[in-house]
Amino acid sequence: MFDLSSLTVMSQQNLFYLLPEGILTLGLLVVLCLTIFNPKKTSEENYALMQVSLITVLLALSALAWTFLRVPVITPQKAAYSSITIDMFGYLMRMLILLGAGVTIAISHRFLEKNTRIVSDFYVLIMGASLGGMLLASSNDLIMVFVALETLSITSYILAGYFRRTIKSAEASLKYLIYGGMGTAVFLFGLSLVYGLAGSTNFQDIGIALVHYHGVVHPTLIVIMLMIVAALGFKLSAAPFHMWAPDVYEGAPTPVSAFLSVVSKTAAFAITIRMLLILFSGFAEWAVIWGILAVLSMIIGNFVALKQHNAKRLLAYSTVAHAGYMLLGLVVGTSVSVSSLLFYLVTYLFMNLGAFAAVIAFSTLTQTDEITAFSGLVQKRPWLTFGFSICLLSLTGIPITAGFFAKFFLFQSVALAGPVYIWLVIIALLNSTISMAYYLNIIRLMVVKEPSAEVEAISDSAPTSSALSTALSFCVFATLLLGIFASPFYQFTTLSVQQLAQQRPMVISQAIFQKK
Amino acid sequence: MENLTLLNQISFWLFAIMMIGGALGVVFHKSIVYSALLLLVTFLSIAGLFVLLNAPFIAAAQILVYGVGLTIVLIFGIMLTGDKPFVDPVGQERPKRYWLIPGVIAFAFMGFLLWSLLSPNYNFTAVNGLFLERVQPSIAETLPGVQAIIADGGVTHIGLLLFSKYLLPFELASVLLLLAMIGAIILSKRQFPEEEAEGEPHVSQDLDGGAMEGKSCCSLNEGNGNLASENFDSEKETLGVH
């Protein structure tokens, strides 16, 4: 039954494709060793460790590009005993996760130096979380999904409590741990029922086994759906599973909030899309559940964000609202809408990271995150104001920024899918209008108002971290670039979704294409 | 279940009753130490059920990981949390029928789950068998390969699976454990070498040896033996605010 010789033949397992993950693991260990063997680090040594981490992530990114170009993925490949799928969707998601990790490392250095003495372990944890996220994004097996999700989650709990002497950080960590532990338990229960129903942990096998249940409203499947939606909804911070997000985003160190809102969410979307399109592609019931979640997230996220006084809390509710917009793509589930969702995810990465980077830059200068404190920032730091404004405009969805095209593609694909979905688009458009109020309010404060006491106190000689400003510029540049040259990226997302569709069990994929 | 012998059936019901009784005890017992010990009863009964399901290896793992490891850590945690008896943490302020709504939801969900699991076209293969894929258990147990698996408790089979089909998750789990260990050290260590020189700068309110450190590390730090009770008070204060 088992051929022992297969253990030795690693080359058959396409491990070549996992080179980026390997580099990341290696870099993680190197930074860890450098941290352990040099306990009393100077500021310069910490900076050097940050550079090592950043180089590791960049190396992993180039390895990703190299594997992608070296062996073009024409059809989806399996790796590591088919617990990993290598396809363009996976490449896109892994690229986003690595970019998010790189930017997080770059924006966190000055902030950490200012607030804690234990700096370098932060990078180790960020790289570990990204490793989990990358494997999660390309996993093809329930066990792989679970272990990768746990790697991502547990490191996130630790990161949320990284400022261990700050009560809010400890509170954020504990809250996240309790909610997250519950989510994990529910997810695992759901996955065990999937295994019970299908008799396999492999996605393709499960897809084929579940074909028998198409058209049958089986109660176990409904339980499974509810459990998986609850757990993934928690990770996506979609309402009503968003309760943790504001407290965690506010209490956690700001780079961690940025990381959670972008990388964690990207990985969660990746696995949601993959499970939905490959495992459960023949079941229409999902659409209803996701629809409820999407509408709730949009409405709760936007309305509560109107009332916020803290910039991090506001961004937390804004991520809930954006999760709602993105879920619309899943509700419809056509290949056009899913590729629009992916495009939205790409732009969301840059604009949200940019916004968080600006908040970090501001709070390192003034030690506060209150929105009123942003008043009159343009007089002291015009470029920071410019970058933050671009990101906020993009989050609102104003033309020439990427956010406009992301919203445009997504809402258009939803509207074109059928008359039933028009209502969803109307709700989404109304919500975008509401979101304008709180995003533009910050810009108004920064540009129009007289400087606040905190802004007055910023001295002109206050140093700005070069890594932070580079990362912010990169995010702003990417946001503008995606706004102007949207179509090549959009084509890439379309190709990714096509490759996902190829992995469906044959019977279903034909049915879907007929429906379209 | 039809091929269980009488002894098997008696053991099954015994373990099942012990498991559910233990679980109820965990929830309803007023003393947290008794709750922890009743949790041990639940874990051991689950291990017994694994034995009945022809999975002795998983039963052993269950006893080692949950029965021994987890329970002992839990009891250590309780011991280190404070010298006061930890009875009914919420105290008198808890409304009388606090259990009603969650209880109803939980039982409704359990009913739904039972109904769904007992629905006719549910396929029980994988639940009863040991990594048997899409074979009826009654047929499966007669297959020669499966009998070989059952004979050695599935250890060989699990080992082969861990190092072939599930190699990558297995390797990732090692990275996960490493990261969790780093995290535990970061969250609980009293003072890092980095902090010795100038002390940690603070963003907002300071725990001053509060919740995180007090709970998990007071036995490890040097020369701070009496911290446990102090921290317990400050922890209550700080957590009471939020």
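Before anything else, pin down the relative contact order of segment A:18-515: Cα pairs under 8 Å, at least 6 apart, normalised by residue count, whole percent.
After rounding, I find 16 percent.
Measure off 7 Å from each Cα along the Cα-to-Cβ vector at A:THR368 and B:LEU114, then give the distance between these two points in nanometres to one decimal.
That separation, rounded to one decimal, is 5.8 nm.
Each label point is 7 Å from the Cα along the Cα-to-Cβ direction; what then is the distance between the points at A:PHE477 and A:TRP66, in nm?
Here the answer is 2.3 nm between the modelled labels.
Sort all Cα-Cα distances of segment A:332-412 into consecutive 10 angstrom bins from zero, then give the percent of pairs in each bin up to the one containing the longest distance.
The distribution over segment A:332-412 is 19, 41, 24, 13, 3, given as percents.
Kindly list the residues of segment A:204-226 that lie in the label zone of A:GLN502, defined by a backbone N under 18 Å from the point 7 Å along the Cα-to-C-beta vector.
The answer is A:204-205.
Below 8 Å, C-alpha to C-alpha, sequence gap of six or more: please give me the relative contact order for segment A:1-138 in percent.
The value is 36 percent.
Rank-order A:316-327, A:39-50, A:242-253 by packing density, defined as the average count of other C-beta atoms within 10 Å over each peptide's residues, highest first.
For the peptides A:316-327, A:39-50, A:242-253, the packing ranking is A:316-327, A:242-253, A:39-50.
With a Förster radius of 56 Å, plug the Cβ-Cβ distance of A:ILE178 and A:LEU15 into 1/(1 + (r/R0)^6) and report the FRET value to the nearest 0.05.
After rounding to 0.05, the efficiency reads 0.90.
Please average, across the residues of A:118-124, the number of beta carbons from any other chain that are within 10 Å of each residue's own beta carbon, and give a whole number.
Mean shielding count: 3.
I'd like the FRET efficiency for B:LEU24 and B:PHE107, computed as 1/(1 + (r/R0)^6) with the beta carbon distance as r and R0 of 22 Å, rounded to 0.05.
So, using R0 = 22 Å, E works out to roughly 0.95.
Classify segment A:137-274 as rounded, prolate or oblate from the Cα gyration tensor: take a ≥ b ≥ c as the square roots of its eigenvalues, call it rounded if a/c is under 1.5, otherwise prolate when a/b beats b/c and oblate if not.
prolate
Taking Cα pairs under 8 Å and at least six residues apart, what relative contact order does segment A:260-357 come out at, in percent?
This gives 32 percent for segment A:260-357.
Quick check on packing: order A:407-413, B:175-181, B:24-30 by the mean number of other C-beta atoms within 10 Å, highest mean leading.
Per-residue mean Cβ counts within 10 Å order the peptides as A:407-413, B:175-181, B:24-30.
Give the calculated FRET efficiency between A:LEU416 and A:ILE55 to the nearest 0.05, with a Förster radius of 51 Å applied to their Cβ-Cβ distance.
Computed FRET efficiency for A:LEU416 and A:ILE55 comes out at 0.70.
Protein chains only, probe 1.4 Å: how do B:ARG97, A:ARG117 rank by accessible area, largest first?
Putting B:ARG97, A:ARG117 in descending order of accessible area: B:ARG97, A:ARG117.
Report the local net charge at A:ALA267: Lys and Arg +1, Asp and Glu -1, summed over other residues whose C-beta lies under 10 Å from its C-beta.
+3
Mean residue ellipticity at 222 nm from the helices of chain A, using -39,500 (n - 2.57) per DSSP H segment of n ≥ 4 over the full residue count, to the nearest 500 deg cm²/dmol?
-24500 deg cm²/dmol
The values are calculated or read from the model by the stated rules, or taken from the named source; none is laboratory data. What you see is a predicted model, and the numbers here were worked out from it, not measured in a lab. Positions of Cβ are backbone-derived with ideal geometry, glycine not excepted, and every protein chain shown enters the neighbour counts. Protein only, heavy atoms only, side chains kept; ligands, DNA and RNA dropped before computing areas. Shrake-Rupley method; radii C 1.70, N 1.55, O 1.52, S 1.80 Å.
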